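*Asks:* The structure that follows is given in the form of structure tokens.
Computed from the coordinates by the stated procedures, all read-outs in this text should not be read as laboratory data. Just so you know, these numbers come straight off a predicted model, no measurement behind them. Don't worry about glycine lacking a Cβ; one is built from the backbone with ideal geometry, like all the others, and counts go over all protein chains shown.
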2 protein chains.
Amino acid sequence: MGTECHHADGAHPGIKGHALTHALGAAETRCAATQERLTAPRRRVLELLLGADGPQKAYDLIAAFGEHGEPAKPPTVYRALEFLERLGFAHRIESLNAYVPCRIDGTEHRAAFLICDCCGAAEEFEPDFTAQLKAAEAAGYEVATITLEARGRCPACRAD
Amino acid sequence: MGTECHHADGAHPGIKGHALTHALGAAETRCAATQERLTAPRRRVLELLLGADGPQKAYDLIAAFGEHGEPAKPPTVYRALEFLERLGFAHRIESLNAYVPCRIDGTEHRAAFLICDCCGAAEEFEPDFTAQLKAAEAAGYEVATITLEARGRCPACRAD
DNA sequence: CGGTGAACGTTATTTCGTAACATGGTGGCC
DNA sequence: GGCCACCATGTTACGAAATAACGTTCACCG
Ligand SMILES: [Zn+2]
Ligand SMILES: [Zn+2]
Ligand SMILES: [Zn+2]
Ligand SMILES: [Zn+2]
């Protein structure tokens, strides 16, 4: 994505093979525990996200959806993404119009990302929103969700 | 733009008349101080943002651009918005695909918003990003910009 | 004046996301 | 089993958001 350096896209490597199967199995388990269904299209989109090397645009997923090169229809993928976000399996990065699988173990959490403008990597981190939640409370707001996106350069790209 | 309550859109009222003229004059002054030019389309878009009651979509601005109902061409408005963002006169709210005029006095700052899912209001506040900047540093990232968007319900809408 | 670069006007296209409605599968209930 | 209610999916079409590309204009400087 970068105009500034030569690094490849999306420094965060996707998972493959056995690790991927295991991750999908764990998702299945988490769904079963809450009466939710990890149906075929949902599972497929999660698989694509987990296997990708960086944030994926919706139409990237649409194009890659079919096993033999046939694309999906947009609503198929958008609906799956909505589900995956709702259950915390994926996050949307607003400033990129792109999606990533959740990299934080455990259940519900607020999302925060460090995004490299150079190589396109997006690293999820555990945010401490205490200060901002306090400000929101002071303003009388009841906060449902918070997202934070920090743009900059990752360690690899800083080294040039 | 809520599905949850009856309140009108965008609780933050726009400014009119003399206050508007004054704000535009101040912007002109700030531009002059840095060799930047507040040209007609830029000034017009800023005027629309300042006069609006809440976050404005790009195509809202495009439709309202002409003095007598003629819309602008998209690049006209998008270029103006890019300029206004660059100089800190406006912010883009990613999760709404919309723009607001900057409500924080002074110069450069990192943007943070409290957004009401019910009435569509978006309130800018002064964030304390110390905790997150520390986390970014620990991860080796060099941060250029940070934005935060908190969704929830404003005081008026909480009262129902 | 001419030359330079930023800003603008204009056309067309791409990218992103959703409305609407028909179809299909799953599980409870009689 | 047969029926129904519900959720999820398939499909078509459309609407919204943003940008590419290219020629023209305008301010500024020598
Ligand atoms: Zn996560
Ligand atoms: Zn990088
Ligand atoms: Zn601001
Ligand atoms: Zn509200």
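*Asks:* Express as a percent, rounded to the nearest 5, the fraction of DSSP beta bridges in chain A (both residues included) that run antiparallel.
*Replies:* 60 percent
*Asks:* Counting Lys and Arg as +1 and Asp and Glu as -1, what is the net charge of the other residues whose Cβ lies under 13 Å from the Cβ of B:I104?
*Replies:* Value of the local net charge: -3.
*Asks:* GNM, chain B, Cα, under 10 Å: largest mean-square fluctuation among B:G120, B:G54, B:G17?
*Replies:* B:G17
*Asks:* So, one more: With a sphere of radius 13 Å drawn around the Cβ of A:L114, what net charge do the other residues whose Cβ falls strictly inside it have (Lys, Arg +1; Asp, Glu -1)?
*Replies:* -2
*Asks:* Among B:Q56, B:L24, B:C116, which residue has its Cα furthest toward the positive end of the charge dipole of segment B:1-121, with +1 on Lys/Arg Cβ and -1 on Asp/Glu Cβ?
*Replies:* Toward the positive end, the furthest listed residue is B:L24.
*Asks:* Write down the percent of antiparallel bridges among all DSSP beta bridges whose residues are both part of segment A:110-160, to the nearest 5.
*Replies:* 35 percent
*Asks:* Ratio of the protein assembly as shown's C-alpha Rg to 2.2 N^0.38 Å, to two decimals?
*Replies:* The value comes to 1.08.
*Asks:* Run through segment A:16-61 and list the GluC sites (Glu not before Pro) located in a DSSP loop whose Cβ has at most 15 other Cβ atoms within 10 Å.
*Replies:* A:E36
*Asks:* Add -39500 (n - 2.57) for each DSSP H run of 4 or more in chain A, then divide by its residues: what number comes out at 222 nm, to the nearest 500 deg cm²/dmol?
*Replies:* It lands at -11500 deg cm²/dmol.
*Asks:* With springs only between Cα atoms under 10 Å apart, run a GNM on chain A and tell me which of A:T39, A:T147, A:T76 wobbles the most.
*Replies:* A:T39
*Asks:* Which whole number gives the average count of other chain Cβ atoms within 10 Å of the Cβ atoms across peptide B:130-137?
*Replies:* 4
*Asks:* Of the GluC sites (Glu not before Pro) in segment A:84-136, which ones lie in a loop per DSSP and count no more than 13 other C-beta atoms within 10 Å?
*Replies:* Passing both the DSSP loop test and the Cβ count: A:E108.
*Asks:* Shifting gears a bit: Considering the rotation that carries chain A onto chain B, locate the chain A residue whose Cβ comes closest to its axis and report the distance in whole Å.
*Replies:* Here the nearest residue and distance are A:E94, 2.
*Asks:* Same structure, new question: If we count every other residue with Cβ under 10 angstrom of B:A136's Cβ, Lys/Arg +1 and Asp/Glu -1, where does the sum land?
*Replies:* Around B:A136, the charge tally is -2.
*Asks:* Which of rounded, prolate or oblate describes segment B:110-160 when judged by the alpha-carbon gyration tensor and an a/c cut-off of 1.5?
*Replies:* The shape class here is prolate.
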